[in-house]
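Structure, as structure tokens:
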Amino acid sequence: MKTATNDLRKAYLDFFTSKGHTVVASDSLVPQNDSSLLFTGAGMNQFKEYFLGIKKDLKRAATSQKCLRTGDLDEVGCTPFHHSFFEMLGNFSFGDYFKKEAITWAWEFLTQVLSIPKERLRITVHKKDTEAFEIWHKTIGLPKEWIYLGGDKSNFWPANAPADGPNGPCGPCSEIYFDRNPELQGTPVDDSGKFAEIWNLVFTQYDRQDGGKLVPLKNKNIDTGMGLERLACVLQGKASNFEIDIFLPIHEAILKALGIESKNVPQKRLYCISDHLRAVVFSIADGVVPSNEGRGYVIRKLIRRALWQAHQLMPKQKLAKPFLFKAIPAVLLSMGDAYPELREAEENIRMVLSQEEERFLKTLEDGLRILETQLAGCAKNGIKTVSAAIIFELYDTYGFPEDLTCAILDAKGFSTDRKGFEKLMEDQRARSKEGSKMSVEIFASSGLDKIPSTIPATQFLGYEVLETKSKVLWHQVEGRRATVILDQTPFYAESGGQVGDQGIIKGKDLQLKILDTQKLDKYFLHQAEVLKGTLKDGVAVTAVVDRSLREGLLRNHTATHLLHAALRTTLGNSVRQLGSRVAPNRLRFDFSFGRSVTIEELRAIERSANDQILMNLPVQKESKSLNEAKKEGALAFFGDKYGDKVRMISIAEFSKELCGGTHCDRTGQIGMLIITGESSVASGVRRIEAVTGAEALNYVRNLQDIISGISKSLKVGAADIPARIAKLTEDLKSQKKLSAKAAANPADFKTLLENAPKAGSCRILVAMLENAGITALRDFSNRLREEGQKLVFVIATSQEEKLHVIAGLSADLQKTPLDMKVLFGRLSGPLNVNGGGRPDLVQGGAPDTGQFAPAKRSIEETIAAYLMEKGM
């Protein structure tokens, strides 16, 4: 038997295929439709609904599941077997076979397919599981002394569940161990290191209820897990998982990228970097990007831990440039055949990772300098515990993960105030959208327990019709709000970014306004407001979708596909969809890209999408096998987990995507697409917002109204607005220069007064004194009052982001009907300022938002109108 890691994976899946199992592709590291998990951490995660009995179309399954766990990061590289990212081989039975088959097949695979001598294997079982013990002893024929008994902590899943919970499916387990060194003395249950656990067989046979009561399950399940890397390690005769074939190219690539020789390199640091790099590459390929919360924070922490380990590998020189991204090809060389999605995402992985490396390296030096300064102060004062505030500052300002800071401190002989740090983190954790809100119970209730299991799945007819004759199968009412399940429905349930349909459900003496439609497993939940009548199960109703809203959804969903294709055409195939929102009146599209999209690129994207709309191309909707669709080049970057049969949406050769949403019949129905905004959502994630159809027309009309208003204010045609604004900008710059000079130079002051425009018998001076300060502004006001002739002035300056304004009259106008308090009241609107004073002098202020310059002409016109009103 070949022992290469890729051969072992194939051998396992082939073996269980021969035993009637369906090989299911690895789920994403980001669990689909399961908010109880940050990452997929076990092979059974994607089969949750089968274990719960919700889905029943699969009885036997086998997988090689990519997994990510971060509970023991400090152990990665330090022990032979700990990883953050790893692959888990697993075979599963959902109410089909049980202990005898699971044990027999495990033994057959290990001893016959892999040719492991049975003398090298030992077994543990739960001390109360006599059934498993007897199978191992009598059916398999193992001596009793090869079978070791364990308790709830070691041989029950979840560990200690009978006493500690959680409630839900659970059961005893049997572990298979490999003898790594026959010359060494020891057992599977001691710390000798002689044996390594390679396979865990979980017999899910109980429902744990309150008080620790274990109730036998009607349908018993099998859930097994075997770490692929550990299996390869023992079969390849290596001391550590990190020495197996698939890690060697990664180690070499990392050392080459760092420019250091392998001789005398601390292995645990190199192993840690290789482990974290694999985890990061797979996570980014599955759509996770570095951020400060949830999954993104985990990936950011792994990247920064890897960079710190590299920093420690190079004590005599500074780690000045990113290096991890250079080793990505080695990960693809080792893993790309088994996981082709890695090669598809290579460009995006490189871009996201290199940018994150650059970001951290910029702050690493500053953070280390601050830490060294603090440690020097602590040492000088004999302090051995570093304050929580320092740890928090490094985390909050410089991006140092807490465990990284603690590792540095520990290496230098300092302890930390961990409790104090946790207290400072509470507010941020409370705001976290994911991490702290995640349930630790994999079998947490989904709400299905309220719906009788006898109710059949909702039949969706909304691709073909917008009205159906239906029957109420189940309902729940709270006040005037209701949730309704029908036997068949035209209402699309929110999925894949498209919002749920709205409309009405009506029957005899009954009318419901459908506010939203959601999906819960096989049921469509119609969220309704009861307008008339009383709901009853079994009544006949007519379900009608709001046609206008559905047509908006059709346009925007098809437009999203066009936008996606146009993005990839313009920016390259590294663009990957990371999310979308399709509403009746707008759409947004999140995608991977490492910089802002230029105006020229946005125009090209918009033009490309509209070209397809103008061609009025047919939008084809086909049902195909997943493999067929992928062979035809269909994209499947986002949305629900796909089954064997998928729905493919094709628009000529321009776009092919797997999608369950509703779409136009031809692209011309979209009308036109206008991009209304482009922005950053997170590191390496951009967002485009757009409108289509009538909303696009409304958007253009609003812009036309704005342009018309500007044109009217500037008293020029729309085509002349840019030139007029350019001239006004130049005039403003000249006025600012003149104002600043006049404040200090009598000759310039005289020129400023002479150039002030006339209105009736008076002159008007409106000026911004750049960087003058409030004192200089008052001095300038005094000169204007003393030396001006028939002058009304409004002058301003900005200081510390506050706008200061003085409005006044020259001395020769003080006995006229003019009242600056009245005039200032009229000016406060355009300037958004408050103030007060005397009839001849008023002073005010407000936050400076840049409002003075655009209001200059309006101020002059208001003063001129006031002078005319007063006969001046």
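The values are calculated or read from the model by the stated rules, or taken from the named source; none is laboratory data. Treat the numbers as computed from the prediction; the structure is a model and nothing was measured. As a convention, Cβ positions derive from the backbone with ideal geometry for all residues, glycine included, and neighbour counts pool all protein chains shown. Calculation scope for accessible area: heavy atoms of the full protein, side chains included, ligands and nucleic acids excluded. Shrake-Rupley method; radii C 1.70, N 1.55, O 1.52, S 1.80 Å.
What to note about this one:
- Matching option when the condition is modelled with pLDDT under 90, open to solvent by less than 10 Å² (accessible area, probe 1.4 Å) and part of a strand (DSSP E or B), among Leu803, Leu777: Leu803
- Looking across the range 832-867, the residues that are part of a helix (DSSP H, G or I) and either closer than 15 Å to Asp819 by Cβ or hydroxyl-bearing (Ser, Thr, Tyr) (or both) come down to Ser858, Thr862, Ile863, Ala865, Tyr866, Leu867.
- Test: residue in the range 144-159 that is part of a strand (DSSP E or B) and either touching a residue at least 40 places away in the same chain (Cβ under 8 Å) or touching a Leu at 6+ places or on another chain (Cβ under 8 Å) (or both): yes
- Of the residues making up the range 811-830, none is within 22 Å of Lys750 (Cβ to Cβ), open to solvent by less than 40 Å² (accessible area, probe 1.4 Å), assigned to a loop (DSSP other than H, G, I, E, B) and of a type outside the set (A, V, I, L, M, F, W, C).
- Filter result for Ala652 (open to solvent by 40 Å² or more (accessible area, probe 1.4 Å) and without any contact (Cβ under 8 Å) to a residue 60 or more places away in the chain): yes
- Qualifying residue in the range 584-595 (condition: more than 30 Å from Lys55 (Cα to Cα), in a helix (DSSP H, G or I) and not charged (D, E, K, R)): no
- Residue match in the range 443-457 (condition: part of a loop (DSSP other than H, G, I, E, B), among the acidic types (Asp, Glu) and either at pLDDT 50 or above or open to solvent by 60 Å² or more (accessible area, probe 1.4 Å) (or both)): no
- In the range 458-471, the residues that are of a type in the set (A, V, I, L, M, F, W, C) form Cβ pairs under 8 Å with partners that are exposed (fewer than 15 other Cβ atoms within 10 Å of the Cβ) and not in a loop (DSSP other than H, G, I, E, B), at six or more places apart or across chains, as follows: Leu466/Arg547.
- Taking the criterion of being among the hydroxyl-bearing types (Ser, Thr, Tyr) and open to solvent by less than 20 Å² (accessible area, probe 1.4 Å), the residues of the range 468-501 that qualify are Thr468, Ser470, Thr489, Tyr492.
- Going through (1) open to solvent by 10 Å² or more (accessible area, probe 1.4 Å); (2) not in a strand (DSSP E or B) one by one, Ser798 falls short only on (2).
- Output for the range 177-216, where each listed residue is closer than 23 Å to Asp152 by Cβ, outside any strand (DSSP E or B) and open to solvent by less than 60 Å² (accessible area, probe 1.4 Å): Thr187, Pro188, Gly212
- Scanning the range 579-594 for residues that are open to solvent by 10 Å² or more (accessible area, probe 1.4 Å) and either modelled with pLDDT under 90 or farther than 16 Å from Leu553 by Cα (or both) yields a count of 3.
- Selection of strands (runs of 3 or more DSSP E) fully inside the range 38-142 by the criterion of at least 2 residues being open to solvent by 20 Å² or more (accessible area, probe 1.4 Å), within 17 Å of Asn200 (Cα to Cα) and in contact (Cβ under 8 Å) with a residue 12 or more places away in the chain returns 85-94.
- The range 752-800, residues that are over 50 Å from the mean Cα position of the chain (by Cα), at positive phi and of a type in the set (D, E, K, R): Lys790
- Of residues in the range 244-268 being part of a helix (DSSP H, G or I) and open to solvent by 60 Å² or more (accessible area, probe 1.4 Å), the one nearest to Ala102 (Cα to Cα): Leu248
- Applying the condition of being part of a loop (DSSP other than H, G, I, E, B) and within 32 Å of the chain's Cα centre (by Cα) to the range 503-545 and asking which residue is modelled with the highest pLDDT yields Lys522.
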